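Engineer: Structure incoming, see below.
Derivation of every value follows stated rules applied to the coordinates shown; laboratory data play no part. All values reported here derive from a predicted model rather than from experimental measurement. Using ideal geometry, Cβ is built from the backbone for each residue, glycine included, and neighbour counts are taken over all protein chains shown.
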Amino acid sequence: MKNLFNKIFSRFKKKKQINYSKEHKLYVKKLTTEKWIIRLIQILILVVFFVLWELLTRWGALDPFFISSPSRMIETLKSLYASGELFTHIGTTLYETVVGFVLATGIGYVLAVLLWLSERLRKIFDPYIVVLNSLPKIALGPLIIIWFGAGTTAIIVMCILICVIITTLSMLGSFLACDKEKILLMQSMNAKKYQIFFKLIVPNSMPDFISILKINVGMSWVGTIMGEYLVSKAGLGYLIVYGGTVFKLDLVMTSTLLLCILASGMYFIVSRIEARFKR
């Protein structure tokens, strides 16, 4: 019984040994070292920036009333945490952004597929898409509030409007850029349109899809904060507006810093997805 057990699981324990050349090992080591050097410099730039900011405000070169300071921002964070408002505002903005990001990407992708399927549909809706893309979405703010109410739904709709058109245009362009000879080859083999799409178009457009995810990370945060500027009773955008209204610049700078951290986190997740697809 023991021998049978060892025989079954031995394949999972054994790893194929690959003897890399000395030059390859040196090359990999060089790449790893360069990666860590870049990361270290990036961290060092941030540390120097915040240290200089703090020192300049303490020495009086910068007025902390107008530009705040790292120490005052830390005190603001402590105050928000003690009052229980910190995670409420972060959670509100994060929820609105993630929902808007997912819905906008999904809707934009589906619209791009529909337009790719029908050339007539593309010709009909092309001028409308161009107009909607060039239209400042903030101009629709009052209508969105009237139609969807002064709440979370209106903010998510604003986020979707910011992202959906650019997603549709980018993905449609990627679909149409696919090699025509490959499409003709599949058609000559009696492939259906859905087979061409899933077997050729989707794999070919995957790099562009990852790119649009990266773009939508930033655009979705812009849409959410824009929506919170217009109508919100909670969220980081609300804190920025409130802090600016009552001249609490510490609150404004702290909320802005939190937005940068959250946006960087979302971008990091998308980057990891991209790295996984490249393997």
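Engineer: Taking the radius of gyration and the Kirkwood hydrodynamic radius from Cα positions alone, what is the Rg/Rh ratio for region 120-170, to two decimal places?
Structural biologist: 1.04
Engineer: On to the next question. For region 41-100, evaluate the Debye formula with one uniform point scatterer on each Cα (no solvent term) and list log10 I(q)/I(0) at q = 0.27, 0.28 Å⁻¹, rounded to two decimals.
Structural biologist: -0.96, -0.98
Engineer: On a full-extension model of 0.36 nm per residue, what is the gain between Ser134 and Ile107, subtracting their alpha-carbon distance, rounded to one decimal in nm?
Structural biologist: Full extension from Ser134 to Ile107 adds 7.8 nm.
Engineer: I've got another one for you. What is the ratio of the Cα radius of gyration of region 231-279 to 2.2 N^0.38 Å, with N the residue count, to two decimals?
Structural biologist: 1.60
Engineer: In region 99-278, what is the volume of the convex hull around the alpha carbon atoms, normalised per residue and reported in Å³?
Structural biologist: Measuring per residue, one finds 121 Å³ for the Cα hull of region 99-278.
Engineer: Can I ask one more? Quick one: if the Förster radius is 22 Å, what FRET efficiency do Thr32 and Ile210 give, using the C-beta to C-beta distance and rounding to 0.05?
Structural biologist: Result of the calculation: an efficiency of 0.35.
Engineer: While we're on this one: Averaging sequence separations of C-alpha pairs under 8 Å and six or more residues apart, then dividing by the length of the chain, give the relative contact order as a whole percent.
Structural biologist: Result for the chain is 24 percent.
Engineer: Let's see if you can work this out: charge +1 on each Lys and Arg Cβ, -1 on each Asp and Glu Cβ, no other charges. What is the dipole magnitude of region 99-278 about its Cα centre, in debye to the nearest 20?
Structural biologist: The dipole magnitude comes to about 440 debye.
Engineer: Okay, next question. Give me the distance between the Cα centres of region 256-279 and region 150-166, rounded to whole Å.
Structural biologist: Here the answer is 21 Å between Cα centres.
Engineer: If you take the Cα Rg of region 178-242 and divide it by 2.2 N^0.38 Å, with N the number of residues, what do you get?
Structural biologist: Dividing the Cα radius of gyration by 2.2 N^0.38 Å gives 1.93.
Engineer: How high is the FRET efficiency from Ala150 to Val98, r the C-beta distance, R0 25 Å, rounded to 0.05?
Structural biologist: 0.75
Engineer: Right, something else. Could you work out how much longer the chain between Gln195 and Ile67 gets when fully extended? Use 0.36 nm per residue separation minus the Cα distance between them, nm to one decimal.
Structural biologist: 40.4 nm
Engineer: Normalised by the number of residues in region 157-279, what is the relative contact order in percent for Cα pairs under 8 Å and 6+ residues apart?
Structural biologist: Computed value for region 157-279: 29 percent relative contact order.
Engineer: Binning at 10 angstrom from zero up to the longest distance, how are the C-alpha pair distances of region 119-224 distributed in percent?
Structural biologist: For region 119-224, the binned pair fractions read 13, 33, 30, 17, 7, 1 percent.
Engineer: Another question about this same structure. At 7 Å along the Cα-to-beta-carbon direction for both Leu184 and Ile74, put a label point, then send me their distance in nm to one decimal.
Structural biologist: Here the modelled spin labels are 6.8 nm apart.
Engineer: Please report, in Å, the Rg and the Dmax of region 78-160, where both are computed over Cα atoms only.
Structural biologist: Just the Cα atoms of region 78-160 yield Rg and Dmax of 17.5, 59 Å.
Engineer: Here is a further query. As an exercise, use a Förster radius of 22 Å and the Cβ-Cβ distance of Ile124 and Ala177 to find the FRET efficiency, rounded to the nearest 0.05.
Structural biologist: With a Förster radius of 22 Å, E is 0.55.
Engineer: At 27 Å minimum axial length over the Cα atoms and a Kyte-Doolittle cut of 1.0, report the qualifying DSSP H helices in the chain, or say none.
Structural biologist: Those that pass (Cα extent of 27 Å or more, hydropathy at least 1.0) are 86-117, 152-176, 249-278.
Engineer: Based on alpha-carbon centroids, what's the gap between region 52-125 and region 204-246 in Å, whole number please?
Structural biologist: Comparing the Cα centres of region 52-125 and region 204-246, I get a distance of 5 Å.
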